[in-house]
Amino acid sequence: MSHATPAVYVVDDDISVRESLELLIRHADWQPKIFGSAQAFLAHPQAVGPSCLILDVSLPDLNGLDLQQRVADRRDMPIIFITGHGDVPMTVRAMKAGAVEFLTKPFGDDVLLNAIRDAIERSRTAVSREAEMRVLRDCYASLTPREREVMAFVVSGRLNKQVGGALGISEITVKAHRGKMMRKMKADSLPDLVNMAAKLGLPAAPKG
């Protein structure tokens, strides 16, 4: 996935802007995906892999700021806003909502290319993190209910004997569940397992 050609989406209602950006993006060896409206962009299936979105603020149907809200869950697709008439409140709103750059036309090719490079690097990091989390969630989903209980106690710092007392099972049985759980989670050590539990946001084991 990390070796896929990054996709650079462009949403702008000005055909001359779309054509010039398409040439610029293609020349930089990225994959341009060009749209004349927010609705056309939303109707297009999103590619899996590093990407970013160059978004005009003023669009004929759904404006750029509203589209930004629609795709807020796409952490792997940083947004670069472009506009011919930006103002401070507009810029603040866009940046607070997570935009990585806000450029006012006209701007130099180098300025935009640098912004795209930065956005794609952020996207690579997000894509890699999401892939890691997907593997982690799959590993956790493979655990039995008892193994999940044991994991919760283990990452809370309980000893096998304490876990057995809390669950009403023998220490030997706890060790067996713990061994299987560690293998399924692909955890090399207790600190490794604790880190995994933190990433998954698992609740702490009940006290007592």
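The values are calculated or read from the model by the stated rules, or taken from the named source; none is laboratory data. Values in this document were obtained by computation on a predicted structure and should not be read as measured data. Cβ sites come from the backbone with ideal geometry, for glycine too, and all protein chains shown count toward neighbours. Note: areas computed on protein heavy atoms with side chains; ligands, DNA, RNA excluded. Shrake-Rupley method; radii C 1.70, N 1.55, O 1.52, S 1.80 Å.
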From the residues 203, 7, 62, which one has its Cα farthest along the dipole of the chain in the positive direction, the dipole being from +1 and -1 charges on Cβ of Lys/Arg and Asp/Glu about the Cα centre? 203
Might you report the magnitude of the Cβ-based charge dipole of the chain about its Cα centre, with Lys and Arg at +1 and Asp and Glu at -1, to the nearest 20 debye? 1740 debye
Assuming R0 = 22 Å, what is the FRET efficiency of residue 96 and residue 75, from their Cβ-Cβ distance, to the nearest 0.05? 0.90
Residue 185 neighbourhood, Cβ < 15 Å, K/R = +1, D/E = -1, net charge +4
Considering every pair of different Cα atoms, what Kirkwood radius, in Å, is found for the stretch 141-190? 10.6 Å
What does a probe at residue 141 reach in the stretch 190-208, counting residues whose amide N is under 13 Å from the point 7 Å along Cα→Cβ? none
First compute the accessible area of the stretch 1-148 with a 1.4 Å probe, then give the percent of it belonging to carbon and sulfur atoms. 52 percent
Taking the chain as the reference, fit the longest principal axis to its C-alpha atoms, fit the long axis of helix 190-200 to the helix C-alpha atoms, and give the angle between the two in degrees, 0 to 90, nearest 10. 50 degrees
On a 0 to 90 degree scale, rounded to 10, what angle separates helix 171-185 from the longest Cα axis of the chain? 20 degrees
If each Cα of the stretch 99-159 is one equal point scatterer, what is log10 of I(q)/I(0) from the Debye formula at q = 0.17, 0.25, 0.30 Å⁻¹? -0.72, -1.00, -1.14
Go ahead and set up a Gaussian network model of the chain, Cα springs under 10 Å, then flag whichever of 48, 111, 71 fluctuates most. 111
Let me check the size of the stretch 162-202 from its C-alpha atoms; what are the radius of gyration and Dmax in Å? 11.3, 30
Any idea of the accessible area per residue across the chain, 1.4 Å probe, to the nearest Å²? 55 Å²
Cα-based Lys pair tally, the chain, threshold under 19 Å, eight or more apart or on separate chains: 7
Rounded to the nearest angstrom and ordered from largest down, what semi-axes does the equivalent ellipsoid of the stretch 1-90 get from its C-alpha gyration tensor (root of 5λ)? 20, 16, 12
Rounded to whole Å, give me the distance from the Cα center of the stretch 21-47 to that of the stretch 130-160. 40 Å
Where q = 0.15, 0.16 Å⁻¹, what log10 of I(q)/I(0) comes from the Debye formula for the chain, counting one point per Cα? -0.85, -0.92
